[in-house]
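First comes the structure, then the notes that go with it.
The values are calculated or read from the model by the stated rules, or taken from the named source; none is laboratory data. Computed from a predicted structure; not experimentally measured. Neighbour counts are summed over all protein chains in view; Cβ atoms, including those assigned to glycine, are modelled from backbone coordinates with ideal geometry.
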Amino acid sequence: MPEKIIGRKVVILGSGPAGLTAAIYASRAQLEPLVVDGPQPGGQLTITTDVENYPGFADGIMGPALMTEFRTQAERFGTEFSNLWISEVDLSARPFTLHGKESPESDEVSAIIKAETLIISTGASAKWLGIPGEAPVPEGFGGNGVSACATCDGFFFRDVPIIVVGGGDTAMEEALFLTRFASKVTVVHRRDEFRASKIMQDRVLEHDKIEVLWNTEVREILGTKDKGVESARLFNNVTNEESDHATRGVFVAIGHKPNTELFRGQLDMDEVGYLITEGRTMRTNIPGVFACGDAQDSYYRQAVTAAGTGCMAAIDAERFLAEQEHEAAATTPAAV
Ligand SMILES: Cc1cc2nc3c(=O)[nH]c(=O)nc-3n(C[C@H](O)[C@H](O)[C@H](O)COP(=O)(O)OP(=O)(O)OC[C@H]3O[C@@H](n4cnc5c(N)ncnc54)[C@H](O)[C@@H]3O)c2cc1C
């Protein structure tokens, strides 16, 4: 038997920028939200270094420090946190039922959470190559020369050569964007043709700052703690030759996966798994369930846009609860 049953008006899954902004708004609306941290308390920004594009920090701020600010602000208004991982959800009836475990490997459900409204802000994960040197600092160069976001990190690579890995539209977009900063962009692709749309391919192939290495895989990212990334070990899968290619940055652009598998079969999602929200709201197809941040945004994927949609989801949840209360009051016979 699970040890605890926790009931809340608003439960927020995830404590990245979207979830914590939703928590700030919901707690200031006196809804006493519970935020479930899941596998990565603070979300994706906890694995990066400088964040220079979050408004309000003129000199930039380190990713983990920014998320501590978000969390402290949410706590100040009474948000509670749980370090559980949600392993199963039942959204067929309100209150919704969530099964919380101590870790994904645990066989036991340690708490059942009953939520009158649910805000999903479980984010997305960049797909990585899984090669030496790629892990976040201090183990590797992730956040210090290795990135999965040109919009976020391109500015740090002015007048130096960089590599973009991938062959789809995202890789083309990242490569073209990075030509604004880098001295040269080398697109490394493991096949002999791109998957990207013709128009994007043409732009990349015609760009005088971009070169393409076909049939080539990145096997390792090399450098030093002081200097950061210095080269990438490449493998040509046609000639079987290995070589070291000088570079100061590696942008991995092989796709993202939204963390939404839990909701498959219950919530509407696109073919990749991004949750679908209704019009300009954060409402999903189930009344009382809202989605925000990277879990529903395959396009912008920025901390500030995640925070913006977190605000919207909390306002939607607050209005939904108010309507429910209003309807309940209207159908309750008046006392004589
Ligand atoms: C290396 C790196 C650098 C970046 N740099 C920048 C930058 O400089 N500027 C910028 O604007 N953006 C940057 N981004 C993008 C930015 O981090 C994301 O757009 C943003 O974090 C998305 O916020 P989110 O709240 O939607 O999700 P996330 O930050 O991904 O948070 C998801 C949350 O959901 C939780 N969760 C997942 N599954 C479960 C579950 N089953 N149960 C409970 N909880 C769960 C996780 O533990 C986590 O707390 C960067 C991203 C990366 C990876």
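Residue count for the stretch 231-276 under the criterion of being free of Cβ contacts under 8 Å to residues at least 60 places away in the same chain and of a type in the set (Gly, Ala, Ser): the result is 4.
Output the number of residues of the stretch 147-156 satisfying the condition of being in contact with a Gly (Cβ under 8 Å, 6 or more places away or on another chain) and either near the ligand (Cβ under 8 Å from one of its atoms) or more than 19 Å from Gly223 (Cβ to Cβ) (or both). Break it down stepwise before answering.
Step one: filter the stretch 147-156 for residues in contact with a Gly (Cβ under 8 Å, 6 or more places away or on another chain), giving 147, 153, 156.
Among the residues that remain, those that are also either near the ligand (Cβ under 8 Å from one of its atoms) or more than 19 Å from Gly223 (Cβ to Cβ) (or both) are: 147, 153.
Number of matching residues: 2.
Residues are listed down the side, and each one gets a yes or a no for (1) surrounded by 15 or more Cβ atoms within 10 Å (Cβ to Cβ); (2) in contact (Cβ under 8 Å) with a residue 40 or more places away in the chain; (3) not in a helix (DSSP H, G or I):
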site: Thr46; (1), (2), (3): yes, no, no
site: Ala58; (1), (2), (3): no, no, yes
site: Thr72; (1), (2), (3): no, no, no
site: Glu75; (1), (2), (3): yes, no, no
site: Gly78; (1), (2), (3): no, yes, yes
site: Ser106; (1), (2), (3): no, no, yes
site: Lys114; (1), (2), (3): no, yes, yes
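For the stretch 44-64, does any single residue satisfy the condition of being more than 10 Å from the ligand (Cβ to nearest atom) and of a type in the set (Phe, Trp, Tyr)? So far as the stretch 44-64 goes, yes, one or more of its residues are more than 10 Å from the ligand (Cβ to nearest atom) and of a type in the set (Phe, Trp, Tyr). Of the residues making up the stretch 80-104, those that are surrounded by fewer than 15 Cβ atoms within 10 Å (Cβ to Cβ) and part of a loop (DSSP other than H, G, I, E, B) number 6. Mind listing just one residue for me: the one in the stretch 289-306 that is closer than 30 Å to Arg94 by Cα and not in a loop (DSSP other than H, G, I, E, B) and, of those, farthest from the ligand (Cβ to nearest atom)? So, considering only residues that are closer than 30 Å to Arg94 by Cα and not in a loop (DSSP other than H, G, I, E, B), the one farthest from the ligand (Cβ to nearest atom) is Val289. Restricting attention to the stretch 307-331, the residues being more than 16 Å from Thr117 (Cβ to Cβ) and more than 8 Å from the ligand (Cβ to nearest atom) number 4. Might you let me know whether the stretch 12-24 holds any residue that is in contact (Cβ under 8 Å) with a residue 12 or more places away in the chain, among the β-branched types (Val, Ile, Thr), in contact with a strand residue (DSSP E or B) (Cβ under 7 Å, 6 or more places away or on another chain) and assigned by TED's automatic domain parsing to the domain that holds Met312? Yes - at least one qualifying residue is present in the stretch 12-24. Annotation note: of Leu20, Leu31, the sole residue that is in contact with a Lys or Arg (Cβ under 7 Å, 6 or more places away or on another chain), hydrophobic (A, V, I, L, M, F, W, C) and part of a loop (DSSP other than H, G, I, E, B) is Leu31.
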